[in-house]
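J.: Pasting in a structure now, in structure tokens, and then I'll have a few things to ask.
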Amino acid sequence: MTDYETVSAEVEDEEEIPEDHPRYQDLLTRHRIEEGVEKGITHLQGMHAEGRGSAFDYLLGEETIPSADEAERVAAAHLLLADRPVLSINGNVAALVPGEMVALAEVTGADLEVNLFNRTPERIAAIADHLREHGAEAVKGLEADARIPNLDHQRAKVDADGIYAADVVLVPLEDGDRAEALDEMNKTEIVIDLNPLSRSPQVADVPIVDNIIRAVPNMTAHARDLAAADEDELRGIVEGFDRERALENAEDRIRNGV
């Protein structure tokens, strides 16, 4: 049995974290965020966001609840049906699930686009390089030759042939104002957020209340299972989804453990 008292709070490599540790996923995400800050990928504010998310994940039981798994399957169907799907990537996403996002993009034919609140040329380049190191062949977000309407800050900057032109956008770990702005552009919006009461999942077409390190691989697995499905089957999955029920189920789990 692992002696958890001997596990250091600071690890040089995530492989040093024992997988049978009762808080393995929390330790893993914390390490990846810290490493992301050191690499210039993640902003310091991302640590605070990760801390809030960890609290909600603890209340969810640190597992993918059935309604979240259903939402992940619906999200996969949306991405497969899309003409121009885009996966938006911020600093925390790049630190937590870079290879997983690349895999999801490959299975669904989606583009990867870097989009940041604290945007600098150095961070954009660092994240793009980080994604390429994890297998990405092309990364959007460097041109930033278009703007999301009704959004004033740096995250309004997007690629004209990327998020601006997309019909389906995955926006994990996002703030509500940007989610609302994308909703106003009539895009099908998939949101991953551990707080079902925040604005982002409240305005999303597909709110996924799950930890991103579980959600993205689950979406990829569903997309692979649905790869041979015809359009009618995929549309049936999409049309049968009840977003309000998904949010209610997540809130019930957090409040009551049900």
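J.: Taking only the stretch 184-201 into account, find how many residues are in a helix (DSSP H, G or I) and either among the aromatic types (Phe, Trp, Tyr) or surrounded by fewer than 19 Cβ atoms within 10 Å (Cβ to Cβ) (or both).
T.: Number of matching residues: 2.
J.: Output the residues belonging to the stretch 104-150 that are hydroxyl-bearing (Ser, Thr, Tyr) and exposed (fewer than 14 other Cβ atoms within 10 Å of the Cβ).
T.: Passing the criteria: only Thr120.
J.: Also, quick follow-up: Output the number of the condition that Gly109 fails; it satisfies all remaining conditions of (1) touching a Pro at 6+ places or on another chain (Cβ under 6 Å); (2) free of Cβ contacts under 8 Å to residues at least 40 places away in the same chain.
T.: With respect to (1) touching a Pro at 6+ places or on another chain (Cβ under 6 Å); (2) free of Cβ contacts under 8 Å to residues at least 40 places away in the same chain, Gly109 is out only on (1).
Okay, residues lined up against (1) among the small types (Gly, Ala, Ser); (2) touching a residue at least 60 places away in the same chain (Cβ under 8 Å); (3) more than 21 Å from Leu151 (Cα to Cα):
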position: Gly176; (1), (2), (3): yes, no, no
position: Thr188; (1), (2), (3): no, yes, no
position: Gln202; (1), (2), (3): no, no, no
position: Pro207; (1), (2), (3): no, yes, yes
position: His222; (1), (2), (3): no, yes, yes
position: Leu226; (1), (2), (3): no, yes, yes
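J.: So how many residues does the stretch 181-213 have that are out of contact with any Asp or Glu (no Cβ under 8 Å at 6 or more places or on another chain) and under 26 Å from Leu59 (Cα atoms)?
T.: Residues flagged as out of contact with any Asp or Glu (no Cβ under 8 Å at 6 or more places or on another chain) and under 26 Å from Leu59 (Cα atoms) within the stretch 181-213 amount to 4.
J.: Anything in the stretch 120-164 that is β-branched (Val, Ile, Thr) and touching a residue at least 12 places away in the same chain (Cβ under 8 Å)? List them, or say none.
T.: Passing the criteria: Ile124, Ile127, Val139, Ile148, Val158, Ile163.
J.: Kindly indicate which of Glu239, Glu189, Glu233 is at pLDDT 95 or above, within 23 Å of Asp83 (Cα to Cα), touching a strand residue (DSSP E or B) at 6+ places or on another chain (Cβ under 6 Å) and among the charged types (D, E, K, R).
T.: Within the list Glu239, Glu189, Glu233, the selection yields Glu189.
J.: State all residues of the stretch 52-103 that are outside any helix (DSSP H, G or I) and open to solvent by 30 Å² or more (accessible area, probe 1.4 Å); if no residue qualifies, say none.
T.: Gly61, Glu62, Glu63, Thr64, Asp83, Arg84
J.: While we're here: Can you tell me how many residues within the stretch 203-245 are open to solvent by less than 60 Å² (accessible area, probe 1.4 Å), more than 19 Å from Val102 (Cβ to Cβ) and not in a loop (DSSP other than H, G, I, E, B)?
T.: Number of matching residues: 8.
J.: If I filter the stretch 108-122 for residues that are over 24 Å from Asp177 (Cα atoms), of a type in the set (D, E, K, R), at pLDDT below 95 and not in a loop (DSSP other than H, G, I, E, B), do I get at least one hit?
T.: Yes, because at least one residue in the stretch 108-122 is over 24 Å from Asp177 (Cα atoms), of a type in the set (D, E, K, R), at pLDDT below 95 and not in a loop (DSSP other than H, G, I, E, B).
J.: Can you name every residue in the stretch 152-183 that is surrounded by fewer than 24 Cβ atoms within 10 Å (Cβ to Cβ), in contact with a Ser or Thr (Cβ under 8 Å, 6 or more places away or on another chain) and not in a helix (DSSP H, G or I)?
T.: Hits for the stretch 152-183 are Asp167, Val168, Pro172, Asp175.
The values are calculated or read from the model by the stated rules, or taken from the named source; none is laboratory data. Remember, predicted model here, so these are calculated numbers, not experimental data. Glycine also receives a Cβ, built like all others from the backbone with ideal geometry; neighbour counts cover every protein chain displayed. Just so you know, the surface numbers come from the protein's heavy atoms only, side chains and all, with ligands and any DNA or RNA stripped out. Shrake-Rupley method; radii C 1.70, N 1.55, O 1.52, S 1.80 Å.
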